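The values are calculated or read from the model by the stated rules, or taken from the named source; none is laboratory data. These numbers were taken from a predicted model, which means no experiment stands behind them. Ideal geometry is used to build each Cβ from the backbone, glycine not excepted, and the neighbour counts take in all protein chains shown.
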Amino acid sequence: MPSDSMPLLQGTLDLLILRALNLESLHGLGVSRRIDQMTEGAFVVKPGSLFPALHRMEQSGWLRAHWGESETNRKAKFYALTRTGRAQLERETGRWQRISGAMAQALAQ
Amino acid sequence: MKKRRELRDELNAFDPKELGIAGDRERIEERVTDVWRGASLRTLLQDFRHAARLLRRTPGVTVVVVLSLALGIGANAAIFSLLDAVLLRTLPVPQPQQLSLLCASDGLHPDLNLFSYPVVQQFEQRAAGVPLGAYNSTTPVPMDNGTGPTAPVDLELVSGGYFPTLELTPQRGRWINDDDNRAMGVSQVAVISDAFWHRQFGGAADVLGQTVSLRGHPLAIVGIAPPGCSGLDPAQPAEVWAPLMLQAELKVHGNLSNDNGDESKPWPGQEQMMWLSVVARVPDGQTPARLAAALTPILHASLLRLQASPTMHVVARAGDRGSDGLRRQYASPLIALFILVGLLLAIAVANVAMLLLARMVTRRREIAIRLALGISRGRLVAQLVVEGLLLALLSGAAAALAAYWGSRLLPHLAASASGAAPFTASLDARVWLLLAGLSLGIGLIVGLLPVRQARRLDLTHCLKADDRTAFGGARAQGRWLVAAQVALALVLVAGAGLFSRNLASMFHNDLGFDRIHTLTVRLSVADSALTPDQWTALEPRLQQQVASVPGVLDAALAGSGIEAGSTSTSGISLYGHVDPPGGLESEEVQVSGGYFRTVGMRLLRGRDFDAADAPHTTQVVVVNRAFARRFYAGANPIGHTFGYDAKSAGDFHIVGIVADARFQDPHLAPNPIFYRLLSQSSNAPGVVEVRAAGDPAPLLNAVQAAIRGVDSRLRVRDARTVEWYVDRFLVRDQLVAKLSAGFGLLALALACLGLYGVITYSVNSRAIEFGLRMALGSARAGVLRLVLGEAALTVGIGLVLGLPLTLLAANAARPLLGGLNAASWLAVPSTILTAAAVLLALTLLAALRPALRATRVDPARSLRAD
């Protein structure tokens with residue numbers, strides 16, 4: 001685990017998961033590896049937060065699950081975005097961009 | 001648990017190390033489960049909120065649904081509580097099914113007879129291994145608490161075996177035992193009930209050893225019965241128990257059949273005094289019938305000693321629920337009421353189903369849209385069921401209130417001017433269970449009913465502009481529901497009419513005597529205070545004094561009160577006839593001159609007693625019509641003679657015939673009676689009958705004062721109007737009449753509401769058709785005829801279905817309609833037809849409003865609307 005990893009900011013986990021699943025469907029740990037990759041190790045999502053979040057988002061209708069085979073040839077549960085999930089990703093992305101833009105501007109002055 | 005297995009599979013896909021250190025896995029599983037739980041709870045709450053919103057949006061429908069279900073369910077629970085209290089509840093003793101009640105019966109008459117104490121003692125010896133206990137009927141006895149007399153307490157005298165037979169343990173102290181019953185009047189002890197302990201002594205711990213003073217005899221309290229124990233007759237709970245041997249001291253009278261015994265001497269020693277009931281605990285494996293057969297020879301031997309014919313034998317009846325006097329009297333009326341109230345609930349449920357179906361139609365759009373948006377049918381069903389359950393919850397709560405008030409009101413309805421109700425109804429666990437079960441069941445039914453509709457829902461059809469036919473089936477269904485409702489309502493409305501008319505005819509039936517203007521004063525004379533000679537001297541003065549009270553027209557003396565009928569039955573032998581086997585029996589009443597005039601009994605033939613009939617002239621009797629019919633086969637009996645036995649068959653000369661008087665229960669047919677003069681018999685009068693010019697009630701005090709003024713040794717036991725006694729026998733009919741009238745009105749209201757709803761819905765959904773018809777030139781009157789015609793057809797089908805049902809019900813209720821059947825054979829059919837006419841008229845009136853609205857449909861608007 002890299003020493004410069006940060007604790008997750010409130011509200012960012014859902015957005016990161018949606019983003020990670022934007023291109024392809026992934027299984028649970030695949031999602032956490034993709035987030036690690038996307039943020040270059042800045043955010044580490046622990047399984048203890050990841051799986052509850054995946055199940056919550058599945059219940060909300062953002063994610064759809066199906067069974068597939070993992071890279072180690074084991075039966076694994078894969079998650080993919082639903083239509084509402086994609087809409088949610090767009091909404092959340094827009095919101096986050098406004099927040100980070102405003103923060104960057106505030107800190108630049 | 002499929003979800004949990006899937007979660008395991010999901011996590012198994014990974015190297016345990018990747019999921020963190022050992023133990024983390026469980027934490028993950030736990031947190032995911034929390035997420036699921038939160039979600040399902042949220043959905044349920046959402047469904048409830050959604051349902052509540054929907055119910056609020058149509059407050060009229062909701063209120064009508066909740067009210068009709070609450071009334072239906074509440075009334076059922078209340079009637080059931082009565083049924084439970086009177087018919088079903090077993091005695092609070094261990095293994096009540098082992099208890100048997102022993103009586104003497106001749107196998108012909110329903111009346112059951114009692115035993116003398118000497119016979120009971122022999123029973124106890126013979127029935128080795130079977131515990132037996134004897135008790136008398138509960139009697140009110142005046143109590144003196146030191147500061148003066150208080151309200152009488154209900155006393156039961158018991159043998160030493162009574163409590164051990166019930167296998168109860170006193171909560172304090174001991175029971176009355178065999179030692180208390182060794183000698184007459186010696187052991188002055190009492191056991192008190194839990195209720196009496198709390199009422200009289202405030203539940204004080206040191207009550208044992210204190211005394212309770214009955215008729216001036218201080219009885220030492222030796223034990224307290226456990227809560228709920230009040231003897232064997234639920235209709236007459238006992239408060240105090242004392243040994244049988246105190247009968248003379250406490251002057252306990254109660255039920256008695258006296259075969260030439262001396263009432264003023266202690267009863268327990270006399271074989272002639274039959275006054276005790278017997279309870280036995282028959283161990284499993286033995287049969288009550290065999291016990292009864294084993295004891296019968298003892299009874300026969302006793303009857304032979306008394307020179308009576310041994311026609312009676314011992315019978316054993318189930319004792320698990322105590323004495324069955326109340327059950328026998330109320331079983332059929334209560335079952336009838338329970339059926340009626342069940343029908344009422346069915347009508348209410350049909351109404352609710354119709355309302356919800358109709359509402360479903362107005363919601364078809366909403367449901368179709370939600371289905372289109374991808375809500376699963378499972379979720380939709382769950383929502384509809386939650387809606388039904390919410391309605392059930394509201395109705396159940398309202399029904400609980402209705403049941404509570406109902407169960408408190410019912411005993412009052414059964415009470416009359418003559419005193420408290422013979423039972424109390426309480427809501428126990430079983431009643432609540434019934435209430436909850438009914439509410440839940442009905443909630444599920446009404447919740448699932450629209451589900452069938454939703455299943456059949458044709459999506460594309462629904463969303464199309466002309467969607468009025470998507471629920472075409474609902475209209476036909478509503479029709480049939482209304483027809484069924486009308487059929488059931490006819491049973492209820494006709495029932496109300498029949499029972500009310502029955503009561504009215506009972507009130508107006510000719511009882512054979514004047515019950516409106518007659519007072520009965522029962523005398524109580526100190527033991528042997530007056531000799532027969534003194535009585536003979538006193539009687540004319542007594543009669544005169546009472547007759548001279550202002551407002552009194554006539555007074556007469558009699559051995560027994562007219563309200564009680566006769567208290568003695570005698571074997572008789574007709575002159576010139578051979579006695580049939582078993583002999584003839586007739587009731588006997590001794591009266592003074594002027595008796596028939598006083599009580600308003602009509603003389604049909606011959607003559608009344610007159611002044612020439614003196615103590616030593618020819619013994620004359622007047623017989624009633626039943627006597628003449630039974631013994632002389634309708635031939636004129638005047639001039640014939642009879643006597644108590646073949647030797648004396650020439651003693652009594654019949655001089656007149658009077659009309660039959662149905663003294664006691666007006667439901668019963670008259671018995672043969674002969675009347676003798678008090679002056680020609682050795683008996684003393686027991687009552688003074690008084691005929692008032694107007695309302696007799698205000699004369700009660702003046703008459704009592706006049707009696708006391710004649711001789712200080714005369715006391716009045718009680719004085720009441722005869723109406724009071726007649727009332728008491730009609731309590732049952734009153735209860736049934738009042739309740740069935742209430743149910744009938746409710747049924748009528750619900751049926752009208754049902755038809756109104758269905759016609760309204762039908763008119764709304766056919767607005768286009770009506771618009772078209774009128775646009776094409778149909779007259780408004782034509783549309784009105786069309787709508788009303790359909791309503792009449794629906795009601796007509798209901799009535800046709802209901803008529804045979806009602807006739808069946810009326811036939812089943814025949815035993816309860818005695819007065820009506822006696823009045824006229826036409827009474828029942830005419831009442832049913834009237835009920836049908838009323839139902840038809842009122843339901844059509846209910847349909848008139850929506851029908852008139854149909855005629856006001858604006859063709860232009862209805863054709864354009866979506």
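When B:A775 is tested against (1) surrounded by fewer than 19 Cβ atoms within 10 Å (Cβ to Cβ); (2) over 19 Å from B:Q477 (Cβ atoms); (3) within 36 Å of the chain's Cα centre (by Cα), only condition (3) is not met.
For A:D4, state whether it is more than 24 Å from B:T43 (Cα to Cα), modelled with pLDDT under 90 and more than 14 Å from chain B (Cβ to nearest Cβ). Judged against the criteria, A:D4 is a match.
Residue check: B:G709 meets all listed conditions (1) of a type outside the set (A, V, I, L, M); (2) in contact with a helix residue (DSSP H, G or I) (Cβ under 8 Å, 6 or more places away or on another chain); (3) part of a strand (DSSP E or B) but one, namely (3).
Scanning the stretch B:190-210 for residues that are in contact (Cβ under 8 Å) with a residue 12 or more places away in the chain and out of contact with any Leu (no Cβ under 6 Å at 6 or more places or on another chain) gives B:V191, B:I192, B:S193, B:D194, B:A195, B:F196, B:W197, B:Q200, B:V207, B:L208, B:G209. When we screen B:T62, B:T43, B:T90 for residues that are more than 14 Å from chain A (Cβ to nearest Cβ), in a helix (DSSP H, G or I) and hydroxyl-bearing (S, T, Y), the only hit is B:T62. For the stretch A:31-48, the set of residues classified as in contact (Cβ under 8 Å) with a residue 12 or more places away in the chain and more than 8 Å from chain B (Cβ to nearest Cβ) consists of A:V31, A:S32, A:R34, A:I35, A:M38, A:T39, A:G41, A:A42, A:F43, A:V44, A:V45, listed by residue number. Taken together, A:A80, A:A65, A:A76 contain a single residue that is more than 24 Å from B:P16 (Cβ to Cβ) and part of a strand (DSSP E or B), which is A:A80. Looking across B:V86, B:V63, one residue alone is free of Cβ contacts under 8 Å to residues at least 12 places away in the same chain, surrounded by 12 or more Cβ atoms within 10 Å (Cβ to Cβ) and closer than 30 Å to B:I442 by Cβ. It is B:V63. When each of B:L755, B:L745, B:L739 is tested for being farther than 29 Å from B:G819 by Cβ, among the aliphatic types (A, V, I, L, M) and assigned to a helix (DSSP H, G or I), the lone residue that passes is B:L755.
Scoring B:L54 on the criteria (1) buried (at least 17 other Cβ atoms within 10 Å of the Cβ); (2) of a type outside the set (D, E, K, R); (3) touching a Leu at 6+ places or on another chain (Cβ under 8 Å) leaves a single failure, condition (3). The condition of being free of Cβ contacts under 8 Å to residues at least 60 places away in the same chain and either within 18 Å of B:L492 (Cα to Cα) or in contact with a strand residue (DSSP E or B) (Cβ under 8 Å, 6 or more places away or on another chain) (or both) does not hold for B:L801. Of all residues in the stretch B:11-24, those that are touching a helix residue (DSSP H, G or I) at 6+ places or on another chain (Cβ under 8 Å) and either at negative phi or more than 9 Å from chain A (Cβ to nearest Cβ) (or both) total 8. Tell me, please, whether a residue that is in a helix (DSSP H, G or I), in contact with a Ser or Thr (Cβ under 8 Å, 6 or more places away or on another chain) and closer than 23 Å to B:E18 by Cα can be found in the stretch A:48-57. Yes, the stretch A:48-57 has at least one match. Candidates B:R37, B:R8, B:R53, B:R27: the one that is free of Cβ contacts under 8 Å to residues at least 24 places away in the same chain, more than 12 Å from chain A (Cβ to nearest Cβ) and more than 26 Å from the chain's Cα centre (by Cα) is B:R53. Within the stretch A:63-72, being more than 14 Å from A:R33 (Cβ to Cβ) and either in contact (Cβ under 8 Å) with a residue 24 or more places away in the chain or within 10 Å of chain B (Cβ to nearest Cβ) (or both) holds for A:L63, A:A65, A:H66, A:W67, A:G68, A:E69.
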